[in-house]
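One structure is given below, encoded as structure tokens.
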Amino acid sequence: MYWTDRIRQVKIVLVALAVIIAVASLVVSQYLVHDLAEEERNKMEVWAAAMRSFNMADENTDLELVLKVMNENHTIPLVVVDRQGEPIQERNLSFAGRVGQDSVAYIKTKSSALHNAGHYIRIDLGEGDYNDVCYDDSLMLKRLAVYPYVQLGVVMIFVVIAIFALLTSKKSEQNKVWVGLSKETAHQLGTPISSLMAWTEMLKETYPDDDLIPEMDKDVKRLQLIAERFSKIGSLPEPVPSSLTEVLSHVVDYMNRRTSNKVQISLVCPEDDIIVKMNAQLFEWVIENLCKNAVDAMEGAGSITLNAFRESGKVIIEIADTGKGIAKKNIKNVFRPGFTTKQRGWGLGLSLAKRIVEEYHNGRIFVKASEIGKGTVFRIEF
């Protein structure tokens, strides 16, 4: 389980790093937006003061500096309204996309919205009269306010891509290890199995009436079958039409010969045979693995029922046991490579079974039901 834990740690670190980057970016951007907003308000106060000087000017007032201040604003949209809210002057408003619309109505609506939002500076004209300068944020300020969220989206996309690439790479490495281990195991088993087959044939000729030699021959053939299964891992064996009843019967017979009499294994199949495209050797291994796990879960006593039937256009195989069951928190992890509740085990059996069912046979395998102390039902769908 070491490498699965490492993957989880890496994912947690990546997510935490993304969150830190996003939060830091948001905080810094908020400071920048606040500072720029303050600067723009200060500019509007200067502009409003210039506007007041312009309105209060007489023949002795030098308007050159006043006009320069007023004309320097090329970025901040504003509308000057009187005390009744009627627009007097506007600058830098965008009328894009409003061709054919009433511009006066738009300016009045815009100034009213800005005034209600508190974006205005009052110009005191004396004798109770006044004008209000309603101003909006500049385009740069609006873009800066949105930028952190765009950056957050980019960071999240990067994290998702990084995690996906990491998982894909890890899965590819894992597959290569499994394939290499399987093929090397099959290769190493080949020579001693060939020798055992030869010795068995010699024993048959020397002791033709010995009752133990046929059993030895069955075990040798069983080893040969196992080696063939290992050799097929990593390749895509061509599925052929096979009798599901026959495949399941082989597994039941094999398990009954090698388990305690306290374990009852039964098979329920329809009267008409079910033909499924499969690789019989690999699929037998899947059923055997599920049955062996069930025997371990029952601790040597109980019953296992294999039930095959058709349902809604699918072929269903259910393997039910009366074992100790699977905790709800572990159900989603049982097919994860490296996960095991046994003291001795690699946690690869169910993950390999899932791969054989889903990748080689285009089926599904999952835990249909499980209850602590009562048992578990695995379901395979074709």
Among the Cα-Cα pairs of the chain, the proportion with separation greater than 40 Å, in percent, is 50 percent
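In what order, largest first, do M56, M51 sit by accessible area if the probe radius is 1.4 Å? Before the final figure, lay out each step's value.
On the way: M56 100, M51 10 Å².
Order by accessible area, largest first: M56, M51.
With all protein chains present and a 1.4 Å probe, how do K332, K374, K204 order by accessible area, largest first? Could you put the intermediate results ahead of the total?
Numbers: K332 170, K374 135, K204 70 Å².
From most accessible down to least: K332, K374, K204.
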Once a ≥ b ≥ c are taken as the square roots of the eigenvalues of the Cα gyration tensor of segment 287-332, is the result rounded (a/c under 1.5), prolate (a/b larger than b/c) or oblate (a/b not larger than b/c)?
oblate
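So what's the back-of-envelope 222 nm ellipticity for the chain, counting only DSSP H runs of four-plus at -39500 (n - 2.57) apiece and dividing by all residues, rounded to 500? Could you put the intermediate results ahead of the total?
On the way: 9 runs with 209 residues, N = 382.
-19000 deg cm²/dmol, from helical runs alone.
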Sorted by chain and then number, the residues having a modelled amide H within less than 5 Å of the amide H of I265, at least 5 places away or on another chain, are I304
Which order do peptides 248-260, 351-363 fall in by mean Cβ count within 10 Å, highest first?
351-363, 248-260
Charge context of N116, other residues only, Cβ under 14 angstrom, K/R +1, D/E -1
0
Roughly what angle does helix 280-298 make with the longest principal axis of the chain, taking Cα atoms, 0 to 90 degrees, to the nearest 10?
90 degrees
Counting sequence-distant residues (5 or more places) and residues on other chains, those with an amide H built under 5 Å from that of K368 are V377, F378, R379
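The values are calculated or read from the model by the stated rules, or taken from the named source; none is laboratory data. Computed from a prediction, not measured in an experiment: that's the story for all the values here. Positions of Cβ are generated from backbone atoms using ideal geometry, with glycine treated the same way; all protein chains shown enter the neighbour counts. Remember, those area values only see protein heavy atoms, side chains included, never the ligands or the DNA or RNA. Shrake-Rupley method; radii C 1.70, N 1.55, O 1.52, S 1.80 Å.
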